[in-house]
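K.L.:
Quick one: structure below, then a few questions.
The values are calculated or read from the model by the stated rules, or taken from the named source; none is laboratory data. Just so it is clear, the model here is predicted, and its values are computed rather than measured. Because the Cβ atoms are built from the backbone with ideal geometry, glycine has one as well, and the counts that use them run over all protein chains shown. These area figures cover heavy atoms from the full protein model, side chains too; ligands, DNA and RNA do not enter into them. Shrake-Rupley method; radii C 1.70, N 1.55, O 1.52, S 1.80 Å.
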Amino acid sequence: MTPRLVLILLSLSVMLFGAGTASAQDKGSVNPKPLPPLANPNDPKIGARELFARKVLPAAMPSRVIGSYAKGCLAGAEQMPLNGDTWQVMRLSRNRNWGHPDMIALLKRLAAKAHKDAGWPGILVGDIGQPRGGPALSGHASHQIGLDADIWLTPMPDHMLSREDREEMSAVMMVRDDRLDVDPKVFTPGHVLVLRDAAQEPSVQRIFVNAAIKKALCREARGDRSWLSKIRPWWGHDYHFHIRIKCPAGNTECQGQPSQSEDEGCKPADLAYWFKDSILHPKPETKPSKPRPPMTMAVLPAACKAVLAAPDAKQ
């Protein structure tokens, strides 16, 4: 990465996306525009997402996780390098390739291990978190404390992606049109090995995938299958998988989740809910849902105010 590109990227603000999810299918922008200044940033009613989205660099503080995955912030975030031998970062305009140092180290380790074990060309890294964590303007109720990361299920191409590619390229759908199983034309044994490598990381607590992918993993996994207990079906993960790691040691303000059951989660009863017709083909809402009020700073842990107020870390 050239020094000029570093300066450009550090000066960019998060793009103001629409109300939809910030998924692998939502395109970014080659020329993102900075968010306008807030008229009254001290207004207690203003959404915390407006404040965190305007911080383009991490806080100059030691690494520290504050709060929970869906209600918190992150001090001393580390940036995932845009390029490595076995990874490339996507959707640069979002400025969401920041995380706790443990997460950044895990992604680098996973990229190398998947390349070795599965012959995977490399991973495409989606959203991790904002420079200071916190709620985002679009997508992701979680990803607030630097311990969540999205990995595309599309293998990394065999060349360096252009900026245009990283903003406009779409991930590959892994699920059949009927939503009952994976598409065998695109979901390969290599995907099983990549997900296994991710789940076998000791710090990984959960991995979210589409239910059809969980079903395929249950069917295809061989040998030690204990890692399957960490793979959880969840909506919206048919193009990518979502890694969540445990609270780092010594981070007493981090509010984690209970450990997984050791059960594989592969019994028909475990997956039946996800394949009900009402879940696969939900009826459209007759009345538009009332939007929830944005999360304010008063809802977040008090220490997040200091994270927001801290000077920018030097890069």
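K.L.:
Give the residue that is modelled with the lowest pLDDT, with candidates limited to residues of segment 233-281 that are within 15 Å of ALA199 (Cβ to Cβ) and among the polar types (S, T, N, Q).
P.N.:
Per the criteria, the residue is GLN260.
K.L.:
Same structure again: Quick check on this structure: which one of LEU92, LEU38 is out of contact with any strand residue (DSSP E or B) (no Cβ under 7 Å at 6 or more places or on another chain), hydrophobic (A, V, I, L, M, F, W, C) and open to solvent by 30 Å² or more (accessible area, probe 1.4 Å)?
P.N.:
LEU38
K.L.:
From ALA149, ALA112, grab the single residue that is open to solvent by less than 10 Å² (accessible area, probe 1.4 Å) and either assigned to a helix (DSSP H, G or I) or at pLDDT 95 or above (or both).
P.N.:
Result: ALA149 is the single residue among ALA149, ALA112 that is open to solvent by less than 10 Å² (accessible area, probe 1.4 Å) and either assigned to a helix (DSSP H, G or I) or at pLDDT 95 or above (or both).
K.L.:
Would you point out which residue out of ILE104, ILE66 is open to solvent by less than 10 Å² (accessible area, probe 1.4 Å), part of a helix (DSSP H, G or I) and among the β-branched types (Val, Ile, Thr)?
P.N.:
ILE104
K.L.:
Conditions first: (1) over 15 Å from the mean Cα position of the chain (by Cα); (2) within 22 Å of LYS108 (Cα to Cα); (3) in a loop (DSSP other than H, G, I, E, B). SER170 passes all but one, so which condition is the exception?
P.N.:
(2) is the only condition that SER170 fails.
K.L.:
Here is a follow-up. Show the residue pairs that are 6+ apart or on different chains and have beta-carbon atoms under 9 Å apart, the first residue being within segment 159-170 and more than 16 Å from ILE123 (Cα to Cα), the second being in a helix (DSSP H, G or I) and open to solvent by 50 Å² or more (accessible area, probe 1.4 Å).
P.N.:
Sorted first by the residue in segment 159-170, then by its partner, the pairs are ARG163/LEU5.
K.L.:
Related question: Among PRO81, PRO131, which is the only one that is in a loop (DSSP other than H, G, I, E, B) and either more than 23 Å from LYS305 (Cβ to Cβ) or open to solvent by 10 Å² or more (accessible area, probe 1.4 Å) (or both)?
P.N.:
PRO81
K.L.:
For segment 238-251, name all the residues that are open to solvent by less than 20 Å² (accessible area, probe 1.4 Å) and not charged (D, E, K, R).
P.N.:
Selection gives HIS240, PHE241, HIS242, ILE243, ILE245, PRO248.
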